[in-house]
Amino acid sequence: MEITPRAVAIPKETDHLEQGKYGPIFPRTPACYGFTIIADVKPGRAEAIREHGHTLARALEQDPHLLAPLKLHYLRWVLFDDDTRFMYQGIFDTDFDKYTEDAVALFGRSGVSTTFENLEGFPEDWRTNPEAFARFVRQHHCPSFIEYGEYPYVTADEIKKALRIKGALSEMLDQMQ
């Protein structure tokens, strides 16, 4: 099986895209689905954002599968401009609508909050109002104009399965020696 890297240019205009519950459904790219938001940090809340990183890391130590419902590849949190601005990037296997609803449900169920609460304009009722959560993300979304995948259109589940197979084959070959 040959895996050919791919890149896809993403159109600036979204009028022609299918509309989901919370806005346009961006096409699946070689990197799967995702979004980037950039927002202003509430004054004095940068350290709370950093602490939330520790809180989330501890929660994942307790339950490594805590975020599994989100079908994630990667998440990245960045504070910049002297900690006055925040960037969040997420790459995942589901469309935006499903990701949003799953994230709201997951955080509501787990008791782990979202660091977005430290951002200007984030809705206080986000736990019971996925639409407000989605609206905030859409308003702060900075869409990609091109996305590249070294292993295009491969889901996180497929990657995990391939790694399990690799591990099983390695173990089998070690036992044969």
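Does Glu2 satisfy being at pLDDT below 95 and not small (Gly, Ala, Ser)?
When the stated conditions are applied, Glu2 passes them.
Name the residues in region 84-102 that are open to solvent by 50 Å² or more (accessible area, probe 1.4 Å) and at pLDDT 95 or above, would you? Those that are open to solvent by 50 Å² or more (accessible area, probe 1.4 Å) and at pLDDT 95 or above: Thr84, Arg85, Gln89.
Just one of the listed residues (Leu56, Leu75) is of a type outside the set (Phe, Trp, Tyr) and either in contact with a strand residue (DSSP E or B) (Cβ under 8 Å, 6 or more places away or on another chain) or open to solvent by 50 Å² or more (accessible area, probe 1.4 Å) (or both), and it is Leu75. Take the residues in region 40-53 that are part of a helix (DSSP H, G or I) and charged (D, E, K, R), then tell me which one is surrounded by the most Cβ atoms within 10 Å (Cβ to Cβ). Taking the candidates together, the pick is Arg50. Give the residues of region 1-29 that are free of Cβ contacts under 8 Å to residues at least 12 places away in the same chain, open to solvent by 50 Å² or more (accessible area, probe 1.4 Å) and part of a strand (DSSP E or B), sorted by residue number. Hit for region 1-29 is Gln19, nothing else. Evaluate the following for Pro130: is it in contact with a Pro (Cβ under 8 Å, 6 or more places away or on another chain) and surrounded by 14 or more Cβ atoms within 10 Å (Cβ to Cβ)? Criteria not met by Pro130. Looking at region 67-177, the helices (runs of 4 or more DSSP H) lying wholly inside it that each contain 1 or more residues that are under 30 Å from Pro43 (Cβ atoms) and touching a residue at least 24 places away in the same chain (Cβ under 8 Å) sit at 96-110, 130-140. When you look at Gly121, is it over 23 Å from Leu60 (Cα atoms), modelled with pLDDT of 90 or more and open to solvent by less than 40 Å² (accessible area, probe 1.4 Å), yes or no? No, not satisfied.
The values are calculated or read from the model by the stated rules, or taken from the named source; none is laboratory data. It should be emphasised that the depicted structure is a prediction, and the values quoted were computed from it without experimental measurement. Because the Cβ atoms are built from the backbone with ideal geometry, glycine has one as well, and the counts that use them run over all protein chains shown. Only protein heavy atoms, including side chains, enter the accessible area calculation; ligands, DNA and RNA are left aside. Shrake-Rupley method; radii C 1.70, N 1.55, O 1.52, S 1.80 Å.
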